[in-house]
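> Sharing a structure below in structure tokens format, with a few things to ask.
The values are calculated or read from the model by the stated rules, or taken from the named source; none is laboratory data. Because the structure is a prediction, the values reported are computed rather than measured. No Cβ is skipped: glycine too gets one built from the backbone with ideal geometry, and neighbour counts run over all protein chains shown. To get the accessible areas, we keep the full protein, side chains included, count just its heavy atoms, and leave off ligands, DNA and RNA. Shrake-Rupley method; radii C 1.70, N 1.55, O 1.52, S 1.80 Å.
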Amino acid sequence: GERGGERGGERGGERAMSTRFPLFGWLRRDLDAVLALAGGEVVPPIVRPVRLTLVADSVSDYDGALAVLRHAAQLCTVISHQAGRMRNSYALRASLLEHIAARVLPLPLPLPPRRPKHVAAALAQGGDDEALGGWRGVGEWDSDVDAGVEPACDCFWWRRGMRAATQLELLRLLSLLSRHYATVVLSMNPTVLSDASRILTFASFAALADAVVRRTASDCPSAFSLQYSGAATGPSEPYAFTVDRLRDESATMRLHDESLLANRTRLLDYFASTKALLLPPIADEAGAGSEAAESDADGDDGMWAVAAKEFGKEPFSNGRDRRYEEVKAALREQFGRDAVNERSKPRLKALAAAHGVEASGEAAAPLLSGPDPARTCFRFDSTMQWGGGDAALIDQLTYRVGYLSHGFPEAEGKPDAESHAAASPAPWRYFTGEAAEFAADCPELGALRDTVLLLKAFMVPTAEELPPLQPWTVADADVVWTSDKQGGLSAVAFGRQLSCAYVGREAAGEKKSLFSSAFGRIQSFFAGGANRPRAPPSAADPSALAQSPICCEDDVLHLKELPSFGGRVSSVEAEHLLQVLTVPYLRLPLLLSFFAPQHRVAALAEARVQEMLDATLFEPGEWLPPAGSPAVTEVPAPSRAPFATAAGLLVNEMQHAPEGLAASLLEIGTNALELDPGKFKPDGGPAAILYAVRLLTRVQSVARAMTGADDAAGAAG
């Protein structure tokens, strides 16, 4: 009984203590296993700082250009590894690289005309003006300048000597940034404006790489640079690549940014000068170095000096091509009708080209017969088959360095391997980098090759030929080159083989007229599918607005249905607008004066009207080459070449007829303010006011760039 009472007392005491200490359970050690189920502590991610201010606003020397490119590459790497922790990481990288290409790095100026071999020899021997035939003042930029001498020309990339280390690092960084840019643009939804920006940015990187690789290093010249630029000793000629599609595509690019508008002209001028290097060389018998020319020179004393003076006169009386005919007639009048014959015409054409004069008609056929395919490199847009300028360049380069011509340098010294390689030669392995030893010796080739490939790969005509839209990394942009036994080249990047050979397909498939094929592309864009164009058609194209092929004013009269522009434009006004859009050279002032009156300015609230006006003002149109446009010999003109402009239709209008343009723009702004309802609405008067302000601001930026009011130190070019 006592024991039972003791047990009862103990149990009563436990109950009393647990009641007395209600939080006693928190002190029990056997509950740690439950806390472990919560997992480890979550460490918040660290966001590395992105100092965009490290990229300078302008550069003054090669060291500054290298610093800009290095900082840009490092910033792109930091941002790419923090894409999940930073907002708009792709857009941030794209804006950075576009800013560098458009405003920071100067674009190269056009190369001067290439002097014939006999002229270079005569200059070296101190030849007189008669022996030089007027070439003394034309000259080429000297690539063998010392790093400490004064600038030899106005081009940033040719002012001073460039060392081999600087040249190689510039090429490496340009190729790397091209891959970074390809990564980000394939990770964002494309628009009309972004398509124009990315093509011009790729073209800027390619032009910069081409200009850098043409330099002859002042300390240790690269074998590839010597052969590519034509500066190598012996019978060497310059090589180049062509970007003819850029001229056609840029005509309908919508360039709201004045820097992109200016860069488009600079790029086309530069690529035209490099393409001129590929023209067939002037025959030696036309120069002063051949015996035949010396024997014929007895009867034409002073003729070439007179021709050079005539070509140098300013201004031209009636067009540059007309100037050639005038000089030819003057020479025949002074030296006899036989002075200008089939043997002397090539020399006369060379003088004309050297002074920026175009020899039009049949007389210019030998001079303008097109680039030499044997010296045209990187023809990825035409064919991915080995041959052409790539084969000639590699052949000269391997001979100069001493590599075996069969393409298997690793087989040297191994009799069995050498015999097998000689039986199945594959010299294209040097070009693709499959011959690793050659790729390490000539890294300039790989950098320039991949930069040009990305440019041409992003200019494919259809959207399906581009890699799919998804988040990519810069490792995906690395181009892997392979080849087959027949010399077929393959470039793989972004998980697929890049499709570049589109020029041949377009030439074979376009059997219809210009307007019918253009309307076919418009229909493909709106219908979608596999043949959907990469870029939308111009919003100022009357065929796109009417959804029917229109090539002249008469076609408008036969339309069964006219665009209504949201009911803001009557049928009569819509018919007038479509007719105005058929004359691109005149439509800019006509459209502005049409929408300027108070009873029509409200139509600017319609999105389609805004797109049409933007395309009319900011699409540059046909590009005018430095040689000038051909004279109009018949009306209507057989082509649009006489209506081409050097810097775009808007700049051309500001230069030649600024009064009417400014009056219409100011009237649009004044009348748009009258539509203010006092409170914001998503459509109606506020939308028209916002568009009018945006339009005036963009036009003002172009005007300030023309007058130099922005004082953009270090701007491209």
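> Using beta carbons and a limit of 9 Å, which pairs, at least six apart or on different chains, have the first residue in region 610-624 and at positive phi and the second one in a loop (DSSP other than H, G, I, E, B)?
Gly621/Arg640; Gly621/Ala644; Gly621/Gly648
> Additional query: Report whether or not Gln700 is free of Cβ contacts under 8 Å to residues at least 24 places away in the same chain, out of contact with any Leu (no Cβ under 7 Å at 6 or more places or on another chain) and not in a loop (DSSP other than H, G, I, E, B).
In short, yes.
> Looking at Pro542, Pro597, Pro584, which one is at pLDDT 90 or above and under 28 Å from Ala662 (Cα atoms)?
Only one candidate passes the filter, namely Pro597.
> Now for a separate question. Which members of region 562-586 meet the condition of being open to solvent by 50 Å² or more (accessible area, probe 1.4 Å), under 34 Å from the mean Cα position of the chain (by Cα) and within 18 Å of Gln547 (Cβ to Cβ)?
none
> Hey, among the residues in region 612-651 that are acidic (Asp, Glu) and open to solvent by 30 Å² or more (accessible area, probe 1.4 Å), which one's nearest to Leu261 (Cα to Cα)?
Glu622
> Still on this structure: Look at Ala440 and say whether it is in a helix (DSSP H, G or I), without any contact (Cβ under 8 Å) to a residue 60 or more places away in the chain and within 33 Å of the chain's Cα centre (by Cα).
So Ala440 fits the description; yes.
> Right, something else. For region 146-234, list the helices (runs of 4 or more DSSP H) that sit wholly inside it and hold at least 2 residues that are under 30 Å from Pro468 (Cα atoms); which are they?
The qualifying helices (runs of 4 or more DSSP H) are 164-185, 192-213.
> Within region 443-488, how many residues are of a type in the set (D, E, K, R), more than 25 Å from Leu170 (Cβ to Cβ) and either open to solvent by less than 70 Å² (accessible area, probe 1.4 Å) or assigned to a loop (DSSP other than H, G, I, E, B) (or both)?
Qualifying residue count for the region: 3.
> Could you grab me the full set of residues in region 368-384 that are modelled with pLDDT under 90, under 23 Å from Ser490 (Cβ atoms) and open to solvent by 50 Å² or more (accessible area, probe 1.4 Å)?
Pro373, Ser382, listed by residue number.
> What are the residues in region 662-686 that are modelled with pLDDT under 90 and of a type in the set (A, V, I, L, M), if any?
Leu675
> Another question, if that's okay. Report the residue count in region 59-88 for those that are in contact with a Pro (Cβ under 9 Å, 6 or more places away or on another chain) and closer than 19 Å to Ala101 by Cβ.
Within region 59-88, residues that are in contact with a Pro (Cβ under 9 Å, 6 or more places away or on another chain) and closer than 19 Å to Ala101 by Cβ number 2.
> Among Asp298, Asp248, which is open to solvent by 20 Å² or more (accessible area, probe 1.4 Å), modelled with pLDDT under 90, in a helix (DSSP H, G or I) and under 30 Å from Ala646 (Cβ atoms)?
The conditions single out Asp248.
For (1) closer than 13 Å to Leu173 by Cβ; (2) assigned to a loop (DSSP other than H, G, I, E, B); (3) more than 21 Å from the chain's Cα centre (by Cα), each residue gets a yes or a no:
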site	(1), (2), (3)
Glu41	no, yes, yes
Arg70	yes, no, yes
Leu75	yes, no, yes
Ala83	no, yes, yes
Leu97	yes, no, no
